[in-house]
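First up is the structure itself, then whatever we jot down about it.
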Amino acid sequence: MRSILIAPSILAADFSRLGDEVRRVEEAGADWIHCDIMDGHFVDNISFGSGMVATVRKLTTLPLDIHLMIQHPDHYLPRFIDAGANSITVHVEPESKHDVAKTLEQIRGGGCRAGLTLNPATPFAQLEPYLAQLDLLLVMTVHPGFGGQPFRADQMEKVRRARDWKAKNNPALDIEVDGGINPKTARVSIENGANILVAGTSIFKSPDYAAEIRALREE
Ligand code: DX5
Ligand code: ZN
């Protein structure tokens, strides 16, 4: 089992050749496929929905890592579970208007790994009541909504807090970072305790996916 997992975000892929793009990152050594779901309400952008996830499910056997940036994630969960998600991450922010503990239970009940995340402006303390319920803790290293933004090193404090909690309470917890990840910021994230790296732009805009994935893992 690899210690650092790479999850390319297909948000940055060329949708006109999606099948090709997914196969190429799989062959290039990707571990998971990260799907960014944006509803135009919780974040200021619209990406794609569960239909697209079902399409991606047919293209690969890699685990599908679903990141829901949507209002009322609880309402839409069953559709993503049915579409073939392996892990589902929701936001903790109150605007998302859901009972976080119940949503996490629903995710696990659907046979998926349960993840929770927070915007850069949200304090880590808001996650604390739910830590024991998590398989995966995602630290956003950009404000969610768009690919291609610069990495926010100030969020590393949250990664370190997650790492400390993990060491004391649940060594199996995955700590994922998302936003502005390139070989340089990957290294910073790993040093602070991340073990899963989401990367959109750095992989899909590079000429050699395999070389980029290798650099992210090993830099
Ligand atoms: C941001 C998304 C990210 C994004 C990462 O809202 O959650 O997954 O696609 O893209 P890059 O790697 O381009 O920052
Ligand atoms: Zn994401």
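The values are calculated or read from the model by the stated rules, or taken from the named source; none is laboratory data. What you are looking at is a predicted structure, and each value in this text was computed from that prediction instead of being measured. Note that each Cβ is placed from the backbone with ideal geometry, even for glycine, and that neighbours are counted across all protein chains shown.
Being in contact with a helix residue (DSSP H, G or I) (Cβ under 9 Å, 6 or more places away or on another chain), surrounded by 19 or more Cβ atoms within 10 Å (Cβ to Cβ) and not polar (S, T, N, Q) holds for only one residue in L116, L131, L138, and it is L116. Filter segment 135-152 down to the residues that are closer than 15 Å to E93 by Cβ, near ligand 1 (Cβ under 9 Å from one of its atoms) and touching a strand residue (DSSP E or B) at 6+ places or on another chain (Cβ under 7 Å) and list them by number. Passing the criteria: L138, M140, P144, G145. Here segment 80-109 is the region considered, the condition is being outside any helix (DSSP H, G or I) and over 18 Å from the mean Cα position of the chain (by Cα), and the residue that is surrounded by the fewest Cβ atoms within 10 Å (Cβ to Cβ) is D99. Output the residues belonging to segment 151-182 that are part of a loop (DSSP other than H, G, I, E, B), within 16 Å of ligand 2 (Cβ to nearest atom), in contact with a helix residue (DSSP H, G or I) (Cβ under 9 Å, 6 or more places away or on another chain) and not β-branched (V, I, T). Result: F151, G179, G180, N182.
For segment 183-219, name all the residues that are touching a strand residue (DSSP E or B) at 6+ places or on another chain (Cβ under 7 Å) and either in a loop (DSSP other than H, G, I, E, B) or more than 16 Å from ligand 2 (Cβ to nearest atom) (or both). Answer for segment 183-219, where residues must be touching a strand residue (DSSP E or B) at 6+ places or on another chain (Cβ under 7 Å) and either in a loop (DSSP other than H, G, I, E, B) or more than 16 Å from ligand 2 (Cβ to nearest atom) (or both): G193, A194, N195, G200, I213, R217.
If you go through segment 195-217 and keep only what is closer than 16 Å to S3 by Cα and in contact (Cβ under 8 Å) with a residue 60 or more places away in the chain, you end up with N195, I196, L197, V198, I213, R214, L216, R217. Is it true that some residue in segment 164-185 is within 19 Å of D65 (Cα to Cα), among the β-branched types (V, I, T), away from ligand 1 (no atom under 15 Å from the Cβ) and modelled with pLDDT of 95 or more? Within segment 164-185, one or more residues are within 19 Å of D65 (Cα to Cα), among the β-branched types (V, I, T), away from ligand 1 (no atom under 15 Å from the Cβ) and modelled with pLDDT of 95 or more.
The residue pairs whose first member lies in segment 117-129 and is farther than 16 Å from V177 by Cα, whose second member is of a type outside the set (V, I, T) and in a strand (DSSP E or B), and whose beta carbons are closer than 8 Å, counting only pairs six or more residues apart or on different chains, are Q126/L118.
Do we have any residue at all in segment 43-50 that's within 12 Å of ligand 2 (Cβ to nearest atom), at pLDDT 95 or above and in a strand (DSSP E or B)?
Looking through segment 43-50, none of the residues is within 12 Å of ligand 2 (Cβ to nearest atom), at pLDDT 95 or above and in a strand (DSSP E or B).
Only one of the numbered conditions (1) of a type in the set (S, T, Y); (2) over 23 Å from T141 (Cα atoms); (3) part of a loop (DSSP other than H, G, I, E, B) is not met by T55, and that is (3). Selection of segment 1-42 for residues being closer than 17 Å to A210 by Cβ, among the small types (G, A, S) and assigned to a loop (DSSP other than H, G, I, E, B) yields A13, A28, G29, A30.
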